[in-house]
Amino acid sequence: MDLDKIASYLDKRADYWDIFYEETETFSIALRNLKLEKYQKHVDKGIGIRMLVNGVIRYLSTETNEWSVIKNGIDRLINISGRGSCKLSEPSSIKDKYELSAKFPENPKEELKTLTEQLQRGKIKHIYVSYQYEKRRSVFINSEGAEIAQIIPRNGVFYEITARENGKLESLYRSIRSLEESAFKRLNEDIINKDTNAVNTLLKAGYVRPGRYDIIIDEQLAGVLAHEAYGHALEADHIYYKQSILWNKFGEKLGEFTLVDSPETKGFGHYKYDDEGKPGKTRFLIKDGILQEKIEDIRFGKGGSGRRESYEYVPIPRMSNTYFSEGNWKDDELFSEIKHGYFLIGVSGGQVDTTGGTFQFDCKYCYEIKNRELGNIYKGTVFVGDILSTGKNIVGIGDKVVLEGGICGKQSQGVPVGDGGPKLLIKNAKLGGVE
Amino acid sequence: MIETLLKVNHPLRIHILESKTLTYKFKNQKLDIIEENLSRVYYIRSIKEGKLGSAYCYCEEDIPKAYSCSLKNTVPFNAKEFPEMKSRKSEFYRKELKDLPINELGEQLTIETKDIILQETEITYRETNYKILDNTGEELVSEKNVIGVRSSVTLPNREIWYGNSGYDTDFLIDDVKGTLEERIQNTEKFTQFSGTCDVLLSHEQSSNLINIILEGFIGKEVEEKNTWAWDKFGSQLFSEIFIKEVPEAPLSAAAGFDDDGIKTYEKTLVDKGILTAPVYDYYSAKKYGKSSTGNGFFVPENSHGIGFTNIEVNGKETEFENGIIAYDILGFHTCNKITGDLKLVISLGALVKNGEVIGGVRNLGLSGNLVQFMKNVRVTKNKKTYERYYLPELILRATIV
């Protein structure tokens, strides 16, 4: 792809332009009950061209390297009439290269076989395991002279186990994602024991009765709370258009916690430069409970958090690694606060309505807490929260932060992120369930 | 390049998917972003020595490289040839983009209501040409254009959005505008609710629930006993509801043939509450000794897969007089497709008493199992085209917190 040729064509035609070229090498393999189900190696490549003309962003994306197709596309978009008021502030002019090296497994098929054997316990009848790595190479140039080349590798291992007894099914899954080191290294005996025991026990478990309870959420769920409840509501596009319940709350106290978004942290959402060529920086979104910062791209702020799924998409403000900072509560101190409540474990997913301030996240399963001790296991439940009151109900913060990798799907664009935090004690939380 | 490759002496197919997507995004009726995506992908599928191979590339000169790759990207496969295609062409709604007055469509969607902060509108036009070439000389061609209209209105205490896609621009504009206006009016003031009641799922939320039901019909999961439905076929599981796959109906997933080149056909999946039979693509059918049901759908990352075209739903009609209307639901994407357990939150809805809307509701939890919900499901008379569905609103009985 001749980026210089495209650049010189754009110079005379757009008030501002940038080009994002991307080449992603992907390998994936999957076994179902030890039989090979998937084996794929691919290279995806393409280009995204953003042009600002008459205050309207015009964006062309394509995989082709045929100049005539690209040129016709640019001309067609530029010639569409229409005036807007869009501005891009402080675009990058940095020239740099950044590469992370990876130590990925040499024989993932064998590792998946071993993992399958480890997961074969009790009533577990169906085991699906998969491994994937990707190496994303991107080049960013723009009309201000920026030239950024980045190579970031990521990998992940996934399993789904289904237990079956007397026609009843229970299933759990787990994703472990990692930046530089093999994801298999982050998967230990303790995790496998917990998941296999849980899925077997859940065959006889009931549903939580819907209602309000004091709860403890584990580190993974704390990450989802950080991401869904606060992170999305603090993305600068939502703030700018008042599509966040937090748009006018800067400087106000939301609770007693600290929330950070940091692309510099080497979590799954790490990068040195965002997809607009701006350096990623650590932001204290909420510090000691006070709302301080928002997550910005160059359209809605000074940038550093403009990200996209691929060359096919215009960058938008996105999180990187978002987490609650540690507190000073030991586990037994957290549990000793609850007379009757639940300990929620593992993430099934989450979602937020930033304007209304409603969020939900599901746990994989939970334990009843009775008189400060763990009781029976229950099926997964849903935590229904609202952003403003939940923060004030966080009354205990654990002393150990765990950061996990995930994929965030804002506006149907999947980007790698890290979420985390310590265990959190939340009073008067609303849990969905079945009578 | 393509002709040379088609001369290889083992079964080989080249799938060429060409698409052009143009999206106009407006903010308060002012043009903000125009996006165009031009894409042409060549998928190679080959059968050699008991293995099914697949790979893809983006330009014709990379086809030989993709072919070599397809001989390595393989999974075991017990068929010696691809299914017969019988050359043909299918075409759905071809309207030229230049005929569509995009700026005017943006204007027509204007919502006039007090306190409006922002209205965002997105109009997408997607043109796809899909071709399958086989080295036996057979060829399939499918051409389709789909229009998508989506709009959201931000008000001081809520955001209301709705979108639909299909072939009829006038219907889409009226549907999006009418739906937004109704929801804005019904949620002007919020009220509280908890307890057991009827929950009416809007058309889009009904389609989300049907989508999860369809997951239970995926043949390979049924064969592996890895779905809630695996031992339920032939028995009355739901109330008197009918779910049919209607591939050639004028809905957005219309397709004359599946990705394996097999002709699609109309089939009843749920007949008066009875689950009829699972569906298969050619490859999983071969693996489990079944016949393909014309449900082969694959994505680039997989060599084969199973999916559905258009869906029609009917059921026992009833009046909805009391309960909650669920406009927006969070959490469908996190449901457990294997067990059918659902943990949802109604993020925006309305409370109805004696047929009158009392006020808006939000932040309500709703949990349970799909099969339990569907045992007593009823439907309204209000059938509508929503994306690839033609369906009424479903009414469930649930405990809301």
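The values are calculated or read from the model by the stated rules, or taken from the named source; none is laboratory data. Note that this is a predicted model, so its numbers are computed, not measured. Backbone-built Cβ (ideal geometry, glycine too); neighbour counts: all protein chains shown.
Points to keep in mind about this one:
- Members of the range A:328-341 that are touching a residue at least 40 places away in the same chain (Cβ under 8 Å) and surrounded by fewer than 24 Cβ atoms within 10 Å (Cβ to Cβ): A:ASN328, A:TRP329, A:LYS330, A:ASP331, A:GLU333, A:LEU334, A:PHE335, A:GLU337, A:ILE338, A:LYS339, A:HIS340
- With respect to the stated conditions, B:GLU60 fails to be closer than 30 Å to A:THR355 by Cβ, within 14 Å of chain A (Cβ to nearest Cβ) and in contact (Cβ under 8 Å) with a residue 40 or more places away in the chain.
- Strands (runs of 3 or more DSSP E) within the range B:289-390 that include 1 or more residues at the interface with another protein chain (Cβ under 9 Å from one of its Cβ atoms) and in contact with a Pro (Cβ under 7 Å, 6 or more places away or on another chain): B:364-369
- Inspection of the range A:325-341 finds no residue satisfying the criterion of being assigned to a strand (DSSP E or B), within 14 Å of chain B (Cβ to nearest Cβ) and in contact with a strand residue (DSSP E or B) (Cβ under 7 Å, 6 or more places away or on another chain).
- Qualifying residue in the range B:85-95 (condition: surrounded by fewer than 12 Cβ atoms within 10 Å (Cβ to Cβ), over 30 Å from B:SER284 (Cα atoms) and at pLDDT below 85): yes
- One residue from B:ILE218, B:ILE212, B:ILE160, B:ILE184 being within 14 Å of another protein chain (Cβ to nearest Cβ) and touching a Cys at 6+ places or on another chain (Cβ under 9 Å): B:ILE212
- Output for the range B:298-336, where each listed residue is closer than 17 Å to A:SER348 by Cα and within 16 Å of the chain's Cα centre (by Cα): B:PHE332, B:HIS333
- Residue in the range A:23-38 that is within 13 Å of chain B (Cβ to nearest Cβ), in a loop (DSSP other than H, G, I, E, B) and modelled with pLDDT of 95 or more present: yes
- Test for A:ASP96: is it at pLDDT below 95 and either of a type in the set (Lys, Arg) or in a strand (DSSP E or B) (or both): no
- Residues of the range A:378-421 satisfying the condition of being in a loop (DSSP other than H, G, I, E, B) and surrounded by fewer than 24 Cβ atoms within 10 Å (Cβ to Cβ): A:ASN393, A:ASP399, A:LYS400, A:VAL401, A:GLY409, A:GLN413, A:GLY414
- Residue-level check: of (1) within 14 Å of chain B (Cβ to nearest Cβ); (2) surrounded by fewer than 24 Cβ atoms within 10 Å (Cβ to Cβ); (3) of a type in the set (Asp, Glu), A:ASP353 misses just (2).
- Looking only at the range A:128-155, and only at residues there that are assigned to a strand (DSSP E or B), small (Gly, Ala, Ser) and away from chain B (no Cβ under 14 Å), the one that is surrounded by the fewest Cβ atoms within 10 Å (Cβ to Cβ): A:ALA149
- Only one of B:GLY256, B:GLY296, B:GLY273, B:GLY307 that is at positive phi and not β-branched (Val, Ile, Thr): B:GLY273
- Residue in the range A:41-51 that is more than 7 Å from every other protein chain (Cβ to nearest Cβ), in contact (Cβ under 8 Å) with a residue 40 or more places away in the chain, surrounded by fewer than 16 Cβ atoms within 10 Å (Cβ to Cβ) and of a type outside the set (S, T, N, Q) present: no
- Only one of the listed residues (A:LYS339, A:LYS370, A:LYS379, A:LYS364) is over 30 Å from A:GLU252 (Cα atoms) and under 20 Å from the mean Cα position of the chain (by Cα). That residue is A:LYS364.
- Odd one out for A:TYR59, checked against (1) over 18 Å from B:LEU31 (Cβ atoms); (2) in contact with a Lys or Arg (Cβ under 8 Å, 6 or more places away or on another chain); (3) modelled with pLDDT of 95 or more: (1)
- Among residues of the range B:217-227, those that are within 21 Å of A:LEU31 (Cα to Cα) and in a loop (DSSP other than H, G, I, E, B), counted: 4
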